[in-house]
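Novice: Got a structure for you, questions after.
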Amino acid sequence: MSVVRSTRVNRLLAPSLAMVAAFTLAGCSNSQDSAENVNATADETTAAAESGEVLRIGTEGAYAPFNYTNADGTLGGFDVDMANAICADMQVTCEITAQDWDGIIPGLKAGKYDAIVAAMSITPERAQQVSFTDPYFSNTLVFLAKQDSGFDPSLSSDIDAHSIAAQRSTISSQWLEETYPKANMKLYDTLSNAFLDLGSGRVDAMISDKLPALEWLSSPSGSGYVVKGEEIDIDDNFAIAVRPGDDLQAKINQSLKNLKADGTYDKLNQKYFAIPIVVTDEPIADTTAQ
């Protein structure tokens, strides 16, 4: 049975969805992105409202640029826009809820929402609890440290000798633990807290998904920090999670195909990832002098 539900059925759930850290996005649109929204058209929004169907989405809201919480409490990011675009294609209304990472799969299993769109890597362990859609993003890992640090992640002795931050229960922390079991890992509930300790010098280095790392490096907090070593390709793919056996999996897969075919997916990639951020240990040569 599909987990896309009528608004009449979900009316009693509305108070819980309006709590702190829960955000309802009517008509598959975001107020903070209204001027540049690449999601639902007016006709699609009207169709969604008239259909009376709701798709409840869970995301973290703390993993920029994929998902984050704006100063006004609204949710934004690539995942949020993808969720809205999927809802528009399915002609349903999105209700997007923020959920702490450690509780995001339990929340899905408990019926708090119908799907997770939160830069979630496909892993065998998670696949025992949820069903994944087709991938919608490929990810690599990177190490970060101060620019003047001698930390060299190509040396296992360096990894073992330094304290390394990572977000708990993520593909990056799992990879580090499995690859370097002697590493002095410092685990954090959120990526923001891991970056905070890196920037304050409470840890020597950090491992992270590449794009959130580049996002942080481009901020004032990341000044003086760089990517150390080569990016790490571990064949990591992000996908949307639903409850096992739910026909929503096939419906979302079809919407993903539609969004790639009509150019929406490319527009969202252009919006969030168009400008590469070049990070290097080496000083940039002055090419203006002749």
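Novice: I'd like to compare 132-145, 72-85: which one has the highest average count of other Cβ atoms within 10 Å, and what's the full order after that?
Specialist: Descending mean neighbour count gives 72-85, 132-145.
Novice: If you place +1 on the Cβ of every Lys and Arg and -1 on the Cβ of every Asp and Glu, how big does the dipole about the Cα centre of region 139-235 come out, in debye to the nearest 20?
Specialist: 340 debye
Novice: Another one. Under the 0.36 nm per residue contour assumption, what length would be gained going from the current alpha-carbon distance of Asn258 and Ser200 to full extension?
Specialist: 16.4 nm
Novice: Could you calculate the FRET efficiency of Glu177 with Asp72 from 1/(1 + (r/R0)^6), where r is the beta carbon distance between them and R0 is 45 Å, rounded to 0.05?
Specialist: 0.75
Novice: Describe numerically, in nm with one decimal, the distance between label points set 7 Å from Cα along Cα→Cβ at Ser218 and at Ile234.
Specialist: 2.4 nm
Novice: For region 69-119, what does the relative contact order come out to in percent, with C-alpha contacts under 8 Å and a separation of six or more?
Specialist: That works out to 32 percent.
Novice: Could you calculate the contour length gain from Lys267 to Ser163, that is, 0.36 nm times the residue separation minus the distance between their Cα atoms, to one decimal place in nm?
Specialist: Contour length minus the Cα-Cα distance gives 33.5 nm.
Novice: What's the FRET efficiency of Asn184 with Gln129 using the Cβ-Cβ distance as r and R₀ = 30 Å, to the nearest 0.05? Walk me through the numbers on the way to the answer.
Specialist: Working: r = 30 Å, r/R0 = 0.99.
With R0 = 30 Å, the Cβ-Cβ based efficiency is 0.50.
Novice: With a cut-off of 8 Å between alpha carbons and a minimum separation of six or more residues, what is the relative contact order of region 139-235 in percent? Write out the running numbers ahead of the final one.
Specialist: Values: 171 pairs, mean separation 44.7, N = 97.
Dividing the mean separation by the residue count of region 139-235 yields 46 percent.
FYI, it's all coordinate maths here, none of it is from the lab. Keep in mind that what you see is a predicted model, and the values were worked out from it rather than measured. We place every Cβ from the backbone using ideal geometry, glycine too, and count neighbours over all the protein chains shown.
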